[in-house]
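First the structure, in the form of structure tokens, and then the observations on it.
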Amino acid sequence: MHYSNIVLFLVGIVNLFLAFFVFLRNRKSKINIFFSITIFAIAFWCFSIAMFRMASANSVYFWGQFAYFAINFTIVFFLYFTFVFPSGSLPKNLFVRSILFFPPVLIFIISLIPRSIVSNAIIMDGNIIVNVGWGYYVHSFVTLIFFLWAFYNVISKFVKSVGIARLQLLYLFLGTAISTTIAIFTNIILFSFTTEYNWIGPSATIIMVFLISYAITRYRLMDIKIIVARTIIFGLIVILLTGLYVLTSVFIAMFFENLIGSKSNFLVGLIIAILVVVGFQPLRKVIEKTTERFLFKTSYDPDVLLSRISEVTATILDVKQLMQSISEILDESLHFSKISFALLSRDGKLFISYEQGFEVKTIIDFASGKEKILPLYFKNNRDVQVIDELETKYEAGEYIPKNIDLLNGLRSLDVALVVPLYVKERLIGIIVIGNKKSGDPYSHQDLNVLKIIAGQAAIAIENATLYDELKDYNIKLDEEVKKKTTELRKANDELKQLDEAKSEFISIASHQLRTPLTIIKGYISMMQEGSFGKLSPVIDANLSKVYQANERLIKLVENLLDISRIESGRQDFKMTKIHLEEMAQVVVDNLKGNAKEKKLKLIFHKPTHATPEVMADEGKIHEVMMNFVDNSIKYTKEGKVEVFVTLENGLVTFCVKDTGMGIKPEVMTVLFQKFSRGEGSFRAHTEGLGLGLYVARMMIDAHKGKIWAESDGENKGSKFCFSLPVAK
């Protein structure tokens, strides 16, 4: 096979795979559809020219006609492509649509007429000498018109466009202009004179592929950088596999010829078929791995990258470690020169939280003063900002930066990308990424992946920041709790000392008061008995009032002494076995006079069966009983007071029930506290200080018993009870 035919097949395979992948990239895009059909037609043009150059005298006419049909097919769809790229649509005018449709159909029909393009062909010394027919001139005219129309579209769009679109059209124009000019010269103009150079035109399409590939690589034209690279790789795979199977078939044929003395095409075909079925997949994988090792050193799987980022953002709560891990994972895939995380504080100040590759002083200078500028850039646009593209748009007049110093500063820092970090509607910072170490620009895949990662990273950074704040708060809270606990313990110790001093004071004061009160009581009794002479009725009545007041003081002093002794743990109890029903009878008998004075019924409901004994201090329990019954008499205006002694669940219970003023629910909770009296009790009985029930509770608690009160509400009576365990 001649070297020119090998070149044609290689160029055709590369173009064929490029067309295939461009179409699969976006099947709905008219740009991708027309571009892929154009490249597809170029591939068949290459194959048809190669077959024409290898054709026999009988088939040279067919391949000559087919080659020129492929040329026309290429030009037609390239014209369609120029209408829709980089933005636009096919003409809607019916006349223009007719011109776009009918001439290609006419050329196709002419191509089907035998010897209309190649009227005569002679093969001499391996060279093909042809005579062109009438269809050749019609074909050439239509092709030239469509070619000029296509370039008019490209040039007019180039003149009107600016920025990146202008650069894309420039590389598209240069690539197609050079390739098409060479093709017209070698395959149309020279074709009628010689076919020796007709392989150059199709091969020259590699120039168009190269320049468009450069536009793709540099300016992300049509987002097919990866497609171009993979097209080359798949082309190499096909060529290598084809060569391998051809060599294998030759060796097998030689083996059978030496073995049996003749060729066996059937056996050779059968063995090759088996080898293809068995060995294709392993060979394909080996070749792919080998080529990827050399040609795809910087490639990565986006799904794997996102999975690793998701794992990191879900498990790491330390902000510095989180940013470092994200940076390391991104660097393994993108291979950038530097990266920095700049976060906004709660008060809107920008600070560098993590940096790798930047000079510390330079990046700090960048951060200072930029906190007010950055939110403006990302207020209405949360996309990844590509510095090269911003500069290109700025130079073309398409973009006016809010702060040119910031754009220049980013460029001077060798920054390629600025990725905003948003949590819902709030900008929390940015990721600043440098250029790739390889010098390649960031692809659309890179930008899309970074945009997804930015959302994950922003939430993770926000959570980690809140966790750090919570951790610091907990440390401060723990320190504050320890401090306050120490202060509280100190205050508690001081309170204990004060309480002990208070109890000691009350004890001493009560002892000092009890002696003179007892003496007063004795003298009053002697005076009333006539020991110092007969008293007048007026003096005797006043002495009775003094005696009663003195009794109340003595009782108050006794209560204070009891409280002091119990709180200080110095109260002595003389525990004996006693019957509560007998003590209740005595109390009722002693207070019947008081009840009679208020015209109340005082009733003791003696139990039908004798209650068991309880272990108690008789004097203290008698005092509690007296307090309960006396209070019921004092706070009951009319009705009755009932006394009960019962046995329930191993406890002997003493209760006093009256029809008096009752107890409000809000008073019930503080009823047995020190200096606590029910609302309205001061009007019914002015002398009490609220110590009686408090002393009673302390006495019953000391006996391991229970004490409580019940009432249905104000003016509905009340019930006071205590229970003591049965003596064992």
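Structure summary
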item	result
Count of region 695-714 residues which are within 15 Å of V624 (Cα to Cα) and assigned to a loop (DSSP other than H, G, I, E, B)	3
Given (1) closer than 24 Å to L306 by Cα; (2) out of contact with any Lys or Arg (no Cβ under 8 Å at 6 or more places or on another chain); (3) surrounded by 15 or more Cβ atoms within 10 Å (Cβ to Cβ), number of the condition R426 does not satisfy	(3)
First in region 541-561 and on the phi < 0 side of the Ramachandran plot, second anywhere and hydroxyl-bearing (S, T, Y), Cβ under 7 Å, 6 or more apart	V557/S510; L560/S510; L561/S507; L561/S510
Region 715-728, residues that are part of a loop (DSSP other than H, G, I, E, B) and within 17 Å of L671 (Cα to Cα)	N715, K716, G717
Failed condition for M615, given (1) within 19 Å of M698 (Cβ to Cβ); (2) more than 60 Å from the chain's Cα centre (by Cα); (3) surrounded by fewer than 15 Cβ atoms within 10 Å (Cβ to Cβ)	(3)
All positions within region 429-450 that are in contact with a Pro (Cβ under 9 Å, 6 or more places away or on another chain) and closer than 16 Å to M323 by Cα	G429, I430, I431
Hits in region 639-669 (condition: exposed (fewer than 13 other Cβ atoms within 10 Å of the Cβ) and either in contact with a strand residue (DSSP E or B) (Cβ under 8 Å, 6 or more places away or on another chain) or part of a loop (DSSP other than H, G, I, E, B) (or both))	E648, N649, G650, T669
Failed item, numbered, when G717 is tested on (1) in contact with a Phe, Trp or Tyr (Cβ under 9 Å, 6 or more places away or on another chain); (2) crowded, with 18+ Cβ neighbours inside 10 Å; (3) at pLDDT 90 or above	(1)
Residue list for region 72-102, restricted to those being surrounded by 18 or more Cβ atoms within 10 Å (Cβ to Cβ) and either at pLDDT below 75 or in a loop (DSSP other than H, G, I, E, B) (or both)	F85
Boolean, S503 is small (G, A, S), modelled with pLDDT under 85, surrounded by 12 or more Cβ atoms within 10 Å (Cβ to Cβ) and not assigned by TED's automatic domain parsing to the domain that holds L317	yes
Flag for G619 being assigned by TED's automatic domain parsing to the domain that holds M699 and out of contact with any Pro (no Cβ under 9 Å at 6 or more places or on another chain)	yes
Criterion (modelled with pLDDT under 75, in the same structural domain as R97 (by TED's automatic domain parsing) and surrounded by fewer than 23 Cβ atoms within 10 Å (Cβ to Cβ)) met by exactly one of F62, F9	F62
Some residue of region 19-36 being surrounded by 21 or more Cβ atoms within 10 Å (Cβ to Cβ), in contact (Cβ under 8 Å) with a residue 40 or more places away in the chain and farther than 17 Å from G175 by Cα	yes
Check on T636, in a loop (DSSP other than H, G, I, E, B) and buried (at least 19 other Cβ atoms within 10 Å of the Cβ)	yes
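Residues are listed down the side, and each one gets a yes or a no for (1) part of a helix (DSSP H, G or I); (2) at pLDDT 80 or above; (3) over 30 Å from E638 (Cβ atoms):
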site: I539; (1), (2), (3): yes, yes, yes
site: L543; (1), (2), (3): yes, yes, yes
site: I554; (1), (2), (3): yes, no, yes
site: V557; (1), (2), (3): yes, no, yes
site: D572; (1), (2), (3): no, no, yes
site: M583; (1), (2), (3): yes, yes, no
site: D589; (1), (2), (3): yes, yes, no
site: N594; (1), (2), (3): yes, yes, no
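For (1) surrounded by 15 or more Cβ atoms within 10 Å (Cβ to Cβ); (2) at pLDDT below 85; (3) in contact with a helix residue (DSSP H, G or I) (Cβ under 8 Å, 6 or more places away or on another chain), each residue gets a yes or a no:
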site	(1), (2), (3)
I431	yes, no, yes
S438	no, yes, no
Q456	yes, no, yes
L470	no, yes, no
K482	no, no, no
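The values are calculated or read from the model by the stated rules, or taken from the named source; none is laboratory data. This is a predicted model, so every value here is computed, not measured. Here Cβ is always computed from backbone atoms with ideal geometry, including for glycine, and neighbour counts include all displayed protein chains.
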